[in-house]
Amino acid sequence: MIRIEGLDKHYRSARRAVHVIDRIALEIPKGAFFTLVGPSGSGKTTTLRVVAGLEHHDGGQVWLDERLVSDPARGIFVPPSQRDVGMVFQSYAIWPHMDVFHNVAYPLQVGARRRGRAEVEKRVAESLEIVGLHELARVPATALSGGQQQRVALARALVGQPRILLLDEPLSNLDAQLRERMRVEIKDIQRSLGITTFYVTHDRAEALSMSTLVAVMNAGRIEMIGTPRDVYERPSTVCCAEFLGQCNRFAGRVAGGTGKTVVADTGIGRLVCRSDAAVAVGEAIDVVVRPEDITVSPIEHGGIGDGVLTGDVVHVGYYGDRAECAVRVGSDTLRVAGHAAMVDSWKGRLVVRIQEGRGWAIPSAGAAR
């Protein structure tokens, strides 16, 4: 379990304090795969490094498995070597003068974790077996591919049998196909070990496909914490919605609705949406609609009703496994996503349908925190 309370880190300029981490709080349950996702400069890697003990912070507390490991106000700071965590760095930090065995064995050969030769050999063999590199133990590090280096770094993080695993954008240096394969492998390893995992990335596919819990970070603050489906389908802020994937955004006002259903008047017409926020008639809102929740069809198919529009195709993109198009509706351009086989029918003037209830309404003033 990881618990962060009121975590703050800032740098002082000539005029003001710049908050890298702005008094955030979060709790990661034992055994969870937690991902902190956000744009560059949002503070996510700094947060991870504070948890690891590689960065000091200015306020707040960090707890690891009910143990307070950092609290500046009380002068408490447990060094990284005593926090019982394993870490995979973005650069992997593989020593080129060592073979695979000695790279993985290193944490067990120095400091308080030093172990006898027999135990080192046993643990290294177990870690290499977990990551599928048991046959490469004596291969020089310089002979490894990018994917193999990533596995060595993961094996080294696990060899000390830590209670918590920290990963800082570990897949960012791999090609697209290898990233996809490693996403599955890392998740499978985490699930089999049941280890609490704190993963940092700017890649939404990694965040959504690997995690049991996702937090979106922006400008040092947590925008939202939830399951992958919650943060993608039910974003609490426009920033969260836009960072986690393409979306169409319409300014509007609440015209009615009951419960979680909101009827909104927007620049493209009346839309029936959903919302977790308590909004009142007349209140300004932003409606976000994912491209996959919009369908288009030839104009002769017709159709009337809320969310049914007409527009002109201005761009079509073919990506092999899917297709996207941009449709001009009045003064707005809508992004539409669908199966690649549909690309030939996307031309000229089309009927555009926004699926009822798939739009998501967010109060314009900001997040429903």
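A short reminder: the numbers here are calculations on the coordinates, not readings from a lab. Treat the numbers as computed from the prediction; the structure is a model and nothing was measured. Note: ideal-geometry Cβ built from the backbone for every residue, glycine included; neighbour counts use all protein chains shown.
Evaluate E = 1/(1 + (r/R0)^6) for Asp344 and Val308, where r is the Cβ-Cβ distance and R0 equals 35 Å; express this FRET efficiency to the nearest 0.05.
0.95
Can you give me the relative contact order of region 53-176 as a percent, contacts being Cα pairs under 8 Å and 6 or more apart?
Over region 53-176, the number comes to 33 percent.
Measuring from centroid to centroid over Cα atoms, what is the spacing of region 59-102 and region 273-302 in Å?
45
At a threshold of 8 angstrom on Cα-Cα distance, excluding pairs fewer than six apart, so keeping six or more, what relative contact order does the chain reach in percent?
15
In nm, to one decimal, how far is the Arg15 label point from the Ser172 one, both placed 7 Å along Cα→Cβ?
2.9
May I ask you to sort Val69, Val51 by Cβ crowding, counting other Cβ atoms within 10 Å and putting the fewest first?
Taking fewest neighbouring Cβ atoms as first place, the list is Val69, Val51.
Using a 10 Å cut-off around each Cβ, can you sort Phe77, Phe34 from fewest to most neighbouring Cβ atoms?
Listed from fewest to most nearby Cβ atoms, that is Phe77, Phe34.
Taking the Cβ of each residue in Arg15, Arg229, Arg113 as the centre, tally the other Cβ atoms inside 10 Å and list the residues starting with the fewest.
So the ranking, lowest neighbour count to highest, is Arg15, Arg229, Arg113.
Rounded to the nearest 0.05, what FRET efficiency is calculated for Glu126 and Tyr318 with R0 set to 41 Å and r the Cβ-Cβ distance?
Result of the calculation: an efficiency of 0.30.
Over region 218-309, what per residue volume does the convex hull of the Cα atoms give, in whole Å³?
Value for region 218-309: 116 Å³ per residue.
Test of understanding: extend the Cα→C-beta vector of Arg115 to 7 Å, then name every residue of region 150-164 with backbone N under 14 Å from that spot.
155-163
Run the simple label-point estimate for Arg191 and Glu135 please: 7 Å along Cα→C-beta, distance reported in nm.
Distance between the two pseudo-spin positions: 2.5 nm.
Show that you can apply the helix-only estimate: for the chain, add -39,500 (n - 2.57) for every DSSP H stretch of four or more residues, divide by all residues, and state [θ] at 222 nm to the nearest 500.
So the calculated ellipticity at 222 nm is -6500 deg cm²/dmol.
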